[in-house]
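Since the structure comes first, as C-alpha coordinates, the remarks are kept for the end.
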Amino acid sequence: MKKILFFTPYGSFTGSEVVLWTYLQNFDRQQIQAALYSENRGPLVAQLPADIPSFTSPFNRGLARKLVSKLTHAMGVKVYENYIRRLQEHVKADYWYLNTVLMFPLSKLAEQLGVKVITQIHELHSQFESIHYDEMKHAMTYSELVIGVTQQICDLATVMGAKRTALLYPVVDLIHKEVSQQRVEELRKKLNIAPGAFVWMMVGTRIYRKGVDLFPFIAQALADQPCHFIWMGNSQPTGLNYLVDSQVKALNLSNLHFVDVQTDDYYNYLQLADGLVMTSREEPFGKIMTEAASLGKPLVAPNAGGAREFIVPGMGELVDYPMPEEFRRAMVRVMQHPKNYNTNLLIEKSQQFDAKVQVLKWQEAILQL
(Lines give C-alpha, C1' and ligand atoms only; values in the text may rest on other atoms or scores of the structure.)
Protein backbone atom coordinates (compact mmCIF):
# COMPACT_ATOMS: atom_id res chain seq x y z
CA MET A 1 0.00 0.00 0.00
CA LYS A 2 1.40 3.36 -1.08
CA LYS A 3 0.18 6.49 0.69
CA ILE A 4 0.13 9.49 -1.67
CA LEU A 5 -0.66 13.11 -0.88
CA PHE A 6 -1.72 14.87 -4.08
CA PHE A 7 -1.12 18.60 -4.55
CA THR A 8 -3.04 20.58 -7.17
CA PRO A 9 -3.59 24.33 -7.66
CA TYR A 10 -7.27 25.05 -8.29
CA GLY A 11 -9.61 22.09 -7.90
CA SER A 12 -11.37 23.41 -10.98
CA PHE A 13 -12.35 22.24 -14.46
CA THR A 14 -8.92 22.70 -16.03
CA GLY A 15 -7.78 19.83 -18.25
CA SER A 16 -4.91 18.88 -15.94
CA GLU A 17 -7.18 18.68 -12.89
CA VAL A 18 -9.99 16.82 -14.62
CA VAL A 19 -7.34 14.22 -15.52
CA LEU A 20 -6.25 14.01 -11.88
CA TRP A 21 -9.85 13.63 -10.69
CA THR A 22 -10.34 10.78 -13.16
CA TYR A 23 -7.36 9.00 -11.59
CA LEU A 24 -8.69 9.65 -8.08
CA GLN A 25 -12.09 8.22 -8.95
CA ASN A 26 -10.77 5.04 -10.55
CA PHE A 27 -7.55 3.83 -8.87
CA ASP A 28 -7.32 0.55 -6.93
CA ARG A 29 -8.03 1.27 -3.27
CA GLN A 30 -6.26 -1.95 -2.27
CA GLN A 31 -2.93 -0.64 -3.56
CA ILE A 32 -3.03 3.14 -3.11
CA GLN A 33 -4.30 5.35 -0.30
CA ALA A 34 -4.86 8.99 -1.25
CA ALA A 35 -5.33 12.44 0.28
CA LEU A 36 -5.64 15.71 -1.62
CA TYR A 37 -4.40 19.24 -1.02
CA SER A 38 -5.95 21.85 -3.34
CA GLU A 39 -4.55 25.36 -3.12
CA ASN A 40 -8.05 26.65 -3.87
CA ARG A 41 -11.36 24.93 -3.24
CA GLY A 42 -12.72 24.95 -6.78
CA PRO A 43 -15.91 23.19 -7.88
CA LEU A 44 -14.16 19.87 -8.54
CA VAL A 45 -13.31 19.48 -4.84
CA ALA A 46 -16.98 18.79 -4.14
CA GLN A 47 -16.76 15.85 -6.57
CA LEU A 48 -13.88 14.18 -4.72
CA PRO A 49 -14.59 10.55 -3.75
CA ALA A 50 -15.74 10.27 -0.13
CA ASP A 51 -12.76 8.10 0.90
CA ILE A 52 -10.22 10.80 -0.06
CA PRO A 53 -9.74 13.51 2.61
CA SER A 54 -9.15 17.02 1.24
CA PHE A 55 -7.25 20.02 2.59
CA THR A 56 -6.69 23.57 1.40
CA SER A 57 -4.42 26.55 2.01
CA PRO A 58 -4.40 28.13 5.48
CA PHE A 59 -5.25 31.35 3.64
CA ASN A 60 -8.50 29.84 2.28
CA ARG A 61 -10.19 28.38 5.37
CA GLY A 62 -12.88 30.85 6.40
CA LEU A 63 -12.62 34.58 7.03
CA ALA A 64 -11.44 34.40 10.65
CA ARG A 65 -8.73 31.81 10.01
CA LYS A 66 -7.72 33.61 6.83
CA LEU A 67 -7.18 36.88 8.68
CA VAL A 68 -5.24 35.20 11.47
CA SER A 69 -3.05 33.36 8.96
CA LYS A 70 -2.30 36.55 7.03
CA LEU A 71 -1.49 38.47 10.19
CA THR A 72 0.77 35.72 11.49
CA HIS A 73 2.47 35.47 8.11
CA ALA A 74 3.08 39.23 8.09
CA MET A 75 4.82 38.84 11.47
CA GLY A 76 7.38 36.50 9.88
CA VAL A 77 5.91 33.11 10.78
CA LYS A 78 6.07 30.56 7.96
CA VAL A 79 2.33 29.88 8.10
CA TYR A 80 2.07 28.08 4.78
CA GLU A 81 5.15 25.91 5.22
CA ASN A 82 4.22 25.01 8.80
CA TYR A 83 0.73 24.02 7.70
CA ILE A 84 2.09 21.68 5.02
CA ARG A 85 4.48 20.17 7.58
CA ARG A 86 1.55 19.45 9.95
CA LEU A 87 -0.44 18.04 7.05
CA GLN A 88 2.37 15.59 6.26
CA GLU A 89 2.56 14.56 9.93
CA HIS A 90 -1.17 13.84 9.80
CA VAL A 91 -1.26 11.98 6.46
CA LYS A 92 2.17 10.29 6.73
CA ALA A 93 2.40 10.08 2.94
CA ASP A 94 5.12 8.03 1.26
CA TYR A 95 4.97 10.26 -1.80
CA TRP A 96 3.87 13.76 -2.68
CA TYR A 97 2.30 13.95 -6.11
CA LEU A 98 2.78 17.46 -7.53
CA ASN A 99 0.19 18.00 -10.26
CA THR A 100 1.22 20.75 -12.73
CA VAL A 101 4.36 22.89 -12.56
CA LEU A 102 2.56 25.35 -10.26
CA MET A 103 3.03 22.89 -7.38
CA PHE A 104 6.72 22.17 -8.11
CA PRO A 105 8.00 24.69 -5.51
CA LEU A 106 6.92 22.17 -2.82
CA SER A 107 9.58 19.66 -3.87
CA LYS A 108 12.23 21.35 -1.70
CA LEU A 109 10.02 21.06 1.37
CA ALA A 110 9.37 17.42 0.52
CA GLU A 111 13.11 16.75 0.53
CA GLN A 112 13.46 18.48 3.92
CA LEU A 113 10.78 16.17 5.31
CA GLY A 114 12.27 13.09 3.68
CA VAL A 115 9.24 12.53 1.43
CA LYS A 116 9.66 11.18 -2.08
CA VAL A 117 8.09 13.09 -4.97
CA ILE A 118 6.20 12.26 -8.15
CA THR A 119 5.63 15.17 -10.53
CA GLN A 120 3.28 15.44 -13.48
CA ILE A 121 3.84 17.96 -16.27
CA HIS A 122 0.82 18.98 -18.34
CA GLU A 123 2.48 22.14 -19.70
CA LEU A 124 5.01 23.29 -22.27
CA HIS A 125 7.58 26.07 -22.43
CA SER A 126 5.49 29.19 -21.77
CA GLN A 127 4.14 27.80 -18.49
CA PHE A 128 7.63 26.97 -17.26
CA GLU A 129 8.07 30.71 -16.74
CA SER A 130 5.52 30.57 -13.92
CA ILE A 131 8.06 29.10 -11.48
CA HIS A 132 11.66 29.93 -10.51
CA TYR A 133 14.73 28.45 -12.20
CA ASP A 134 15.79 26.60 -9.03
CA GLU A 135 12.27 25.31 -8.38
CA MET A 136 12.11 23.65 -11.78
CA LYS A 137 15.63 22.27 -11.40
CA HIS A 138 14.92 20.78 -7.98
CA ALA A 139 11.59 19.27 -8.99
CA MET A 140 13.14 17.61 -12.03
CA THR A 141 16.24 16.22 -10.34
CA TYR A 142 14.61 15.22 -7.03
CA SER A 143 11.50 13.49 -8.37
CA GLU A 144 11.40 9.71 -8.30
CA LEU A 145 9.16 9.86 -11.36
CA VAL A 146 8.21 12.60 -13.82
CA ILE A 147 4.98 11.93 -15.68
CA GLY A 148 4.59 13.69 -19.03
CA VAL A 149 1.37 13.87 -21.00
CA THR A 150 3.25 13.76 -24.32
CA GLN A 151 6.51 12.27 -25.52
CA GLN A 152 7.77 15.79 -26.15
CA ILE A 153 7.30 16.64 -22.46
CA CYS A 154 9.05 13.43 -21.37
CA ASP A 155 11.99 14.32 -23.60
CA LEU A 156 12.15 17.82 -22.09
CA ALA A 157 12.08 16.33 -18.58
CA THR A 158 14.97 14.02 -19.44
CA VAL A 159 16.98 16.99 -20.73
CA MET A 160 16.25 18.77 -17.42
CA GLY A 161 17.68 15.89 -15.40
CA ALA A 162 14.71 13.64 -14.63
CA LYS A 163 15.83 10.25 -13.33
CA ARG A 164 12.78 8.43 -14.64
CA THR A 165 9.89 9.44 -16.87
CA ALA A 166 6.56 7.89 -17.83
CA LEU A 167 4.52 8.84 -20.88
CA LEU A 168 0.86 8.90 -19.82
CA TYR A 169 -1.49 10.63 -22.23
CA PRO A 170 -4.43 12.54 -20.70
CA VAL A 171 -7.13 10.15 -19.59
CA VAL A 172 -10.81 10.60 -20.47
CA ASP A 173 -13.77 8.92 -18.79
CA LEU A 174 -15.72 7.81 -21.85
CA ILE A 175 -17.91 5.40 -19.88
CA HIS A 176 -19.81 8.33 -18.35
CA LYS A 177 -20.19 10.19 -21.64
CA GLU A 178 -23.83 11.23 -21.99
CA VAL A 179 -25.42 12.62 -25.15
CA SER A 180 -29.07 13.56 -25.62
CA GLN A 181 -30.02 14.12 -29.25
CA GLN A 182 -33.08 16.07 -28.11
CA ARG A 183 -30.88 18.40 -26.07
CA VAL A 184 -28.48 18.75 -29.02
CA GLU A 185 -31.36 19.97 -31.18
CA GLU A 186 -32.45 22.39 -28.43
CA LEU A 187 -28.95 23.87 -28.29
CA ARG A 188 -28.84 24.17 -32.05
CA LYS A 189 -32.09 26.13 -32.07
CA LYS A 190 -30.92 28.26 -29.13
CA LEU A 191 -27.85 29.33 -31.14
CA ASN A 192 -29.92 29.88 -34.33
CA ILE A 193 -27.82 27.43 -36.34
CA ALA A 194 -29.45 26.81 -39.69
CA PRO A 195 -30.04 23.25 -40.89
CA GLY A 196 -27.07 22.03 -42.92
CA ALA A 197 -24.60 24.56 -41.47
CA PHE A 198 -21.23 23.05 -40.53
CA VAL A 199 -20.43 23.69 -36.86
CA TRP A 200 -16.82 24.10 -35.73
CA MET A 201 -16.07 23.77 -32.02
CA MET A 202 -13.12 24.96 -29.94
CA VAL A 203 -12.90 24.11 -26.24
CA GLY A 204 -10.64 25.82 -23.71
CA THR A 205 -10.19 28.79 -21.42
CA ARG A 206 -10.41 32.04 -23.37
CA ILE A 207 -6.77 33.10 -23.11
CA TYR A 208 -4.00 34.16 -25.50
CA ARG A 209 -2.19 30.80 -25.32
CA LYS A 210 -5.35 29.07 -26.53
CA GLY A 211 -5.57 31.47 -29.48
CA VAL A 212 -8.86 33.12 -28.54
CA ASP A 213 -7.79 36.21 -30.50
CA LEU A 214 -7.39 34.09 -33.66
CA PHE A 215 -10.91 32.70 -33.49
CA PRO A 216 -12.80 35.71 -34.92
CA PHE A 217 -10.38 35.98 -37.85
CA ILE A 218 -10.72 32.26 -38.64
CA ALA A 219 -14.48 32.80 -38.71
CA GLN A 220 -13.99 35.82 -40.96
CA ALA A 221 -11.74 33.80 -43.31
CA LEU A 222 -14.60 31.30 -43.70
CA ALA A 223 -17.31 33.93 -44.19
CA ASP A 224 -18.13 32.48 -47.62
CA GLN A 225 -18.87 29.05 -46.13
CA PRO A 226 -22.10 27.94 -44.39
CA CYS A 227 -20.43 27.65 -40.97
CA HIS A 228 -21.02 28.36 -37.32
CA PHE A 229 -18.27 28.62 -34.72
CA ILE A 230 -18.59 27.81 -31.02
CA TRP A 231 -15.96 28.42 -28.36
CA MET A 232 -16.87 26.52 -25.21
CA GLY A 233 -14.86 27.54 -22.17
CA ASN A 234 -14.62 29.78 -19.16
CA SER A 235 -13.24 33.29 -19.37
CA GLN A 236 -11.99 36.08 -17.15
CA PRO A 237 -12.88 39.77 -17.66
CA THR A 238 -9.49 40.61 -19.18
CA GLY A 239 -8.57 43.30 -21.64
CA LEU A 240 -7.87 40.60 -24.22
CA ASN A 241 -11.41 39.25 -23.96
CA TYR A 242 -12.80 42.77 -24.28
CA LEU A 243 -10.73 43.14 -27.46
CA VAL A 244 -12.01 39.81 -28.83
CA ASP A 245 -15.64 40.66 -28.05
CA SER A 246 -15.15 44.04 -29.74
CA GLN A 247 -13.65 42.38 -32.82
CA VAL A 248 -16.59 39.98 -33.05
CA LYS A 249 -18.96 42.98 -33.09
CA ALA A 250 -16.82 44.96 -35.55
CA LEU A 251 -16.65 42.02 -37.94
CA ASN A 252 -20.40 41.39 -37.50
CA LEU A 253 -19.84 37.70 -36.79
CA SER A 254 -23.34 36.60 -35.86
CA ASN A 255 -22.30 32.98 -36.50
CA LEU A 256 -19.68 32.97 -33.72
CA HIS A 257 -20.77 31.95 -30.22
CA PHE A 258 -18.95 31.94 -26.89
CA VAL A 259 -20.47 29.65 -24.26
CA ASP A 260 -19.31 28.79 -20.75
CA VAL A 261 -18.51 25.18 -19.92
CA GLN A 262 -21.79 23.53 -19.03
CA THR A 263 -20.87 20.26 -17.35
CA ASP A 264 -24.28 18.68 -17.98
CA ASP A 265 -24.21 19.79 -21.61
CA TYR A 266 -20.52 19.24 -22.31
CA TYR A 267 -20.93 16.25 -24.63
CA ASN A 268 -24.16 17.64 -26.05
CA TYR A 269 -22.22 20.67 -27.30
CA LEU A 270 -19.53 18.37 -28.70
CA GLN A 271 -22.18 16.30 -30.46
CA LEU A 272 -23.64 19.51 -31.87
CA ALA A 273 -20.32 20.17 -33.61
CA ASP A 274 -19.33 18.67 -36.96
CA GLY A 275 -15.61 19.22 -36.37
CA LEU A 276 -13.12 20.36 -33.75
CA VAL A 277 -10.64 23.14 -34.46
CA MET A 278 -7.76 23.63 -32.00
CA THR A 279 -6.38 27.17 -32.22
CA SER A 280 -3.83 26.95 -29.39
CA ARG A 281 -0.46 28.58 -29.93
CA GLU A 282 0.92 26.00 -27.49
CA GLU A 283 -0.99 22.85 -26.52
CA PRO A 284 0.74 19.95 -24.74
CA PHE A 285 -2.14 17.52 -25.28
CA GLY A 286 -5.69 18.82 -25.23
CA LYS A 287 -7.85 15.96 -23.97
CA ILE A 288 -10.67 17.59 -25.89
CA MET A 289 -9.14 15.91 -28.96
CA THR A 290 -9.87 12.46 -27.56
CA GLU A 291 -13.34 13.49 -26.39
CA ALA A 292 -14.25 14.88 -29.82
CA ALA A 293 -12.70 11.85 -31.52
CA SER A 294 -14.86 9.57 -29.35
CA LEU A 295 -17.86 11.12 -31.11
CA GLY A 296 -16.24 10.70 -34.53
CA LYS A 297 -15.56 14.41 -35.08
CA PRO A 298 -12.71 15.24 -37.52
CA LEU A 299 -9.93 17.36 -36.03
CA VAL A 300 -7.98 20.41 -37.25
CA ALA A 301 -5.04 21.51 -35.12
CA PRO A 302 -1.56 23.07 -35.32
CA ASN A 303 1.16 20.60 -36.28
CA ALA A 304 2.82 20.63 -32.86
CA GLY A 305 2.60 19.21 -29.34
CA GLY A 306 0.12 16.47 -28.59
CA ALA A 307 -1.88 17.01 -31.79
CA ARG A 308 1.11 15.77 -33.81
CA GLU A 309 1.26 12.64 -31.64
CA PHE A 310 -2.50 11.99 -31.76
CA ILE A 311 -3.79 12.88 -35.23
CA VAL A 312 -2.98 10.43 -38.02
CA PRO A 313 -4.20 10.46 -41.65
CA GLY A 314 -7.92 9.89 -41.76
CA MET A 315 -8.56 11.68 -38.45
CA GLY A 316 -8.18 15.29 -39.53
CA GLU A 317 -5.72 17.93 -40.68
CA LEU A 318 -2.57 19.41 -39.15
CA VAL A 319 -1.86 23.09 -39.83
CA ASP A 320 1.83 23.92 -40.26
CA TYR A 321 1.41 27.67 -39.80
CA PRO A 322 -1.41 28.59 -37.39
CA MET A 323 -2.76 31.58 -39.26
CA PRO A 324 -6.40 32.20 -40.26
CA GLU A 325 -5.83 31.47 -43.96
CA GLU A 326 -4.01 28.20 -43.17
CA PHE A 327 -6.83 27.15 -40.88
CA ARG A 328 -9.28 28.03 -43.64
CA ARG A 329 -7.58 25.70 -46.13
CA ALA A 330 -7.60 22.78 -43.69
CA MET A 331 -11.17 23.37 -42.55
CA VAL A 332 -12.49 23.67 -46.11
CA ARG A 333 -10.83 20.32 -46.94
CA VAL A 334 -12.69 18.72 -44.04
CA MET A 335 -16.01 20.27 -45.05
CA GLN A 336 -15.72 19.48 -48.75
CA HIS A 337 -14.28 15.98 -48.46
CA PRO A 338 -15.99 14.32 -45.47
CA LYS A 339 -15.32 10.81 -46.79
CA ASN A 340 -11.57 11.37 -46.28
CA TYR A 341 -12.11 11.21 -42.50
CA ASN A 342 -12.85 7.88 -40.88
CA THR A 343 -15.36 8.00 -38.03
CA ASN A 344 -14.47 4.48 -36.87
CA LEU A 345 -10.74 5.33 -36.82
CA LEU A 346 -11.43 8.40 -34.68
CA ILE A 347 -13.57 6.43 -32.22
CA GLU A 348 -11.09 3.53 -32.03
CA LYS A 349 -8.17 5.90 -31.38
CA SER A 350 -10.08 7.63 -28.59
CA GLN A 351 -10.70 4.30 -26.83
CA GLN A 352 -6.95 3.99 -26.19
CA PHE A 353 -7.25 6.98 -23.82
CA ASP A 354 -10.27 5.77 -21.86
CA ALA A 355 -10.05 5.65 -18.07
CA LYS A 356 -10.30 1.86 -17.91
CA VAL A 357 -7.09 1.66 -19.99
CA GLN A 358 -5.05 4.65 -18.85
CA VAL A 359 -5.68 4.43 -15.08
CA LEU A 360 -4.12 0.95 -15.07
CA LYS A 361 -1.04 2.34 -16.85
CA TRP A 362 -0.88 5.20 -14.35
CA GLN A 363 -1.11 2.81 -11.39
CA GLU A 364 1.54 0.55 -12.84
CA ALA A 365 3.98 3.46 -13.27
CA ILE A 366 3.52 4.45 -9.61
CA LEU A 367 3.51 0.98 -8.11
CA GLN A 368 6.79 0.14 -9.86
CA LEU A 369 8.58 2.78 -7.79
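The values are calculated or read from the model by the stated rules, or taken from the named source; none is laboratory data. Given the structure is predicted, the values throughout are model-derived calculations rather than measurements. Every residue, glycine as well, gets a Cβ built from its backbone with ideal geometry; the counts of neighbours run over all protein chains shown. Areas reflect the complete protein model, heavy atoms only, side chains present, ligands, DNA and RNA absent. Shrake-Rupley method; radii C 1.70, N 1.55, O 1.52, S 1.80 Å.
Structure notes:
- Cα long-axis angle, helix 239-250 against the chain (0 to 90 degrees, to the nearest 10): 10 degrees
- Across the range 278-369, C-alpha contacts under 8 Å between residues 6 or more apart give a mean separation that, scaled by the residue count, equals a relative contact order of 29 percent.
- In sequence order, the range 35-51 has phi-based couplings of 9, 10, 10, 10, 4, 10, 9, x, x, 5, 4, 5, 9, 5, x, 4, 8 Hz under the Karplus curve 6.51 cos²θ - 1.76 cosθ + 1.60, θ = phi - 60°, and Gly or Pro positions carry x.
- The range 123-157 and the range 326-369: distance between their alpha carbon centers, rounded to Å: 25 Å
- Helix 15-26 vs. the chain, principal-axis angle (Cα, 0 to 90°, nearest 10): 70 degrees
- Only protein heavy atoms count here; on that basis, with a 1.4 Å probe, Arg188 has an accessible area of about 40 Å².
- Descending by average beta-carbon neighbour count within 10 Å, the peptides 47-58, 278-289, 23-34 line up as 278-289, 23-34, 47-58, the highest first.
- Once you reduce the range 268-290 and the range 196-248 to the center of their Cα atoms, the two points are 13 Å from each other.
- Within the chain, the ratio Rg/Rh, alpha carbon atoms throughout and Rh by Kirkwood, equals 0.99.
- Each label point was placed 7 Å from the Cα along the Cα-to-Cβ direction; for Asn252 and Gln236 their separation is 3.5 nm.
- Positive-end residue of Met331, Leu369, His257, charge dipole of the range 245-369 with Cβ unit charges: Met331
- Based on Cα contacts under 8 Å between residues 6+ apart, the range 251-326 shows a relative contact order of 25 percent.
- Remark: for residue pairs Lys249/Lys349; Lys78/Lys210; Lys210/Lys297; Lys78/Lys287; Lys3/Lys297, the C-alpha separation exceeds 29 Å in Lys249/Lys349; Lys78/Lys210; Lys78/Lys287; Lys3/Lys297.
- Rounded accessible area of Lys116 (nearest 10 Å², 1.4 Å probe): 100 Å²
- For the range 163-210, the set of GluC sites (Glu not before Pro) satisfying both a DSSP loop assignment and a count of at most 15 other C-beta atoms within 10 Å is given as Glu178.
- Accessible surface for Tyr321 stands near 140 Å², nearest 10, in the context of the full protein assembly shown (1.4 Å probe).
- For the chain, the relative contact order works out to 14 percent when only alpha carbon pairs closer than 8 Å and six or more residues apart are counted.
- Whole-Hz ³J(HN,Hα) from phi, Karplus 6.51 cos²θ - 1.76 cosθ + 1.60, for the range 186-199, glycine and proline x: 4, 5, 4, 5, 4, 8, 6, 8, 5, x, x, 6, 7, 9
- Across the accessible surface of the chain, with the other protein chains kept in place and a 1.4 Å probe, carbon and sulfur atoms take up 52 percent.
- In the chain, helices alone account for a calculated mean residue ellipticity at 222 nm of -11500 deg cm²/dmol, with every DSSP H run of four or more residues adding -39,500 (n - 2.57).
- Kirkwood radius for the range 255-331, taken over all pairs of different Cα atoms as the inverse mean of 1/r, rounds to 13.0 Å.
- Build a GNM of the chain with springs between Cα atoms under 10 Å apart, and of Val277, Val248, Val172 the one that fluctuates most is Val248.
- Accessible surface area normalised per residue over the chain is 46 Å², counting heavy atoms of protein chains with a 1.4 Å rolling probe.
- Under a 5 Å amide H cut-off, with hydrogens placed 1.01 Å from N, His228 pairs with Phe198, Val199, Trp200 among residues at least 5 apart or on other chains.
- Ranked by solvent-accessible area (1.4 Å probe, protein heavy atoms only, all chains present), the residues Lys249, Lys361, Lys163, Lys349 order from largest to smallest as Lys249, Lys163, Lys361, Lys349.
- Angle in degrees between helix 79-91 and the longest Cα principal axis of the chain, rounded to the nearest 10: 80 degrees
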